[in-house]
Amino acid sequence: PPAPPRMSRGPTTVALGPGAEFDRIRRIAERLGRRAAGLGDDCAVVPAAAGELVASTDTSVEGVHFRRDWITPAEIGWRAAAGALSDLAAAAARPVGLLAALTVPAGATEDLEPVMDGVARAADSVGAVVLGGDLTAGPALVIGVTVFGRAERPMSRRGGRPGDGLWVTGSLGGARAALTMWRAGQAPGEASRAAFAHPEPRVRVARWLAEHGARALIDLSDGLAGDVRHLAAAGGTGAEVDLGALPLHAGVGPAAALAGEPAEVFAARGGEDYELLAAMPPEFDAAAAALAQEQGGIPLTRVGRLTVGHEVRLLLGGAATELAGFDHFG
C-alpha cells in the first residue's frame, strides 16, 4: 500500500458533514490554523521521526484542578495541555503532537474555542501541534490531553544511584500559593497566578539534563514531598532532602502564613508546579548548574541526594519532617 501522507503544518481545513457539533469542530480548526494538523479523521497520524515514540495522558477536571471563576478559558486549555506536556519533559522527549478530548457543559459551549486556543498555544510553545481529539457534552468541563513525543534515549524515574545529587528546576510552591489565596477569598499575586494558570513545561532543560548525565527525571505534579518518594522507589534507593534548600516561589511566604505552615513545608507539599526533579551524578556541581541555566534557560538548585537503603528523609533545620504529596484518593 502507498505510504501515508506526511503531516502538514499548513492551514487546517476540515471536510465534515452538517451539524452543530461539526460546525464547532470546523470553527476550532479555523482558529487553530497552523497549530493543528490532520483534524477531522477518526484517527490521528503521529509523524515519523528518529527515536522512540513516547506518550502520556492527563485529565483536568473542573472543580478538582481549576475553577472557571479563577482563570480564563484559554488559561484552562493551556494549563491542561502543559500538565501533559510536562510528562514528556520528564522523559526528555521532543514533543510532536497531542490529542485533546473535551467534555463541555451546556452553559459553557462558548468557552470551547478559547479553551482549544489555549491547548494549541501550549503545544506550539514546545514545537508540537494538535493532531485531533474528541468533543462531547457533560456535567462539567473536562479536558483529557494525550501527548506524543520522540526521544533517542527516553528518561524515566528509574536509574538513580546512591550518591547522586537531587536537583530541581525553577521555583516551588507558586501554584499552591495561588490556590491558597483563592480559597481564602483573596486575589493571588500576579506571579503566583501565572504559576497556576500558565505553567511552562520544562522540555528544553530536560533534554539538556539528559544530554549531561541525568540518571532519572520526574516532573513535580504531586509535590516534591511525594514525587521524591516515587523517584527513590523506582531506583531502589533512599533519599535525603534539605527543605531549607528549596527554591521558593515569590508568592509562598504570604500563602504559607495563611496555611499556618513553614514556607519550606508549604512549597514541598505544593503540587502542579510542573518543575523537574533530577538525579544527577555526584560530579554535577554548581558550575554545571550555572551552565544548565545559561543554555537551558532555567535555574537549577541542589536540594538533596539519593542514599543507600529505602528511607526517604525530609529535613528542616536538621530535623526530620513527615510530609506527603498530593493524593487524589487520599
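The values are calculated or read from the model by the stated rules, or taken from the named source; none is laboratory data. Bear in mind the structure is a predicted one, so any value in this text is a computation, not a measurement. A quick note on method: Cβ atoms are made from the backbone with ideal geometry, for glycine too, and the neighbour counts reach across all protein chains shown. All accessible areas refer to the heavy atoms of the entire protein, side chains included, with ligands and DNA or RNA removed. Shrake-Rupley method; radii C 1.70, N 1.55, O 1.52, S 1.80 Å.
Per-structure values
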{"read-out": "Those residues of region 296-311 which are β-branched (Val, Ile, Thr) and touching a Gly at 6+ places or on another chain (Cβ under 6 Å), in sequence order", "value": "298, 307"}
{"read-out": "Single match in 42, 58, 87 (criterion: at pLDDT below 95 and of a type in the set (Asp, Glu))", "value": "42"}
{"read-out": "Count of region 221-233 residues which are in a helix (DSSP H, G or I) and open to solvent by 30 Å² or more (accessible area, probe 1.4 Å)", "value": "3"}
{"read-out": "Neighbours by Cβ (under 7 Å, 6+ apart or cross-chain): first from region 309-325, at pLDDT below 95; second charged (D, E, K, R) and open to solvent by 70 Å² or more (accessible area, probe 1.4 Å)", "value": "320/313; 323/269; 325/269"}
{"read-out": "Residues of region 59-68 satisfying the condition of being surrounded by 12 or more Cβ atoms within 10 Å (Cβ to Cβ) and in a loop (DSSP other than H, G, I, E, B)", "value": "65, 67, 68"}
{"read-out": "Every pair of residues 6+ apart whose Cβ atoms lie under 9 Å, when the first sits in region 102-117 and is among the small types (Gly, Ala, Ser) while the second is part of a strand (DSSP E or B) and surrounded by 16 or more Cβ atoms within 10 Å (Cβ to Cβ)", "value": "108/62"}
{"read-out": "Of all residues in region 130-174 being open to solvent by 10 Å² or more (accessible area, probe 1.4 Å) and among the aliphatic types (A, V, I, L, M), the one that is farthest from residue 74 (Cα to Cα)", "value": "155"}
{"read-out": "Subset of region 289-321 (residues that are surrounded by 12 or more Cβ atoms within 10 Å (Cβ to Cβ), out of contact with any Leu (no Cβ under 7 Å at 6 or more places or on another chain) and assigned to a helix (DSSP H, G or I))", "value": "290, 291, 295, 296"}
{"read-out": "Residues of region 267-288 classified as crowded, with 21+ Cβ neighbours inside 10 Å, farther than 26 Å from residue 257 by Cα and of a type in the set (Gly, Ala, Ser), total", "value": "2"}
{"read-out": "Number of positions in region 28-58 that are open to solvent by less than 70 Å² (accessible area, probe 1.4 Å) and part of a strand (DSSP E or B)", "value": "5"}
{"read-out": "Any hit, region 15-27, residues being closer than 30 Å to residue 153 by Cα, touching a strand residue (DSSP E or B) at 6+ places or on another chain (Cβ under 7 Å) and modelled with pLDDT under 85", "value": "no"}
{"read-out": "In region 177-220, residue surrounded by the most Cβ atoms within 10 Å (Cβ to Cβ) [restricted to those that are closer than 21 Å to residue 235 by Cβ and small (Gly, Ala, Ser)]", "value": "206"}
{"read-out": "Selection from region 236-264 of residues that are assigned to a strand (DSSP E or B) and open to solvent by less than 10 Å² (accessible area, probe 1.4 Å)", "value": "238, 239, 241"}
{"read-out": "Unique match (being under 15 Å from the mean Cα position of the chain (by Cα) and among the aliphatic types (A, V, I, L, M)) among 88, 99", "value": "88"}
{"read-out": "Test: residue 267 is assigned to a strand (DSSP E or B) and touching a Lys or Arg at 6+ places or on another chain (Cβ under 8 Å)", "value": "no"}
{"read-out": "Residues of region 73-91 that turn out to be out of contact with any Pro (no Cβ under 7 Å at 6 or more places or on another chain) and outside any helix (DSSP H, G or I), as a count", "value": "0"}
{"read-out": "Any hit, region 69-76, residues being open to solvent by less than 10 Å² (accessible area, probe 1.4 Å), touching a residue at least 12 places away in the same chain (Cβ under 8 Å) and under 29 Å from residue 170 (Cβ atoms)", "value": "yes"}
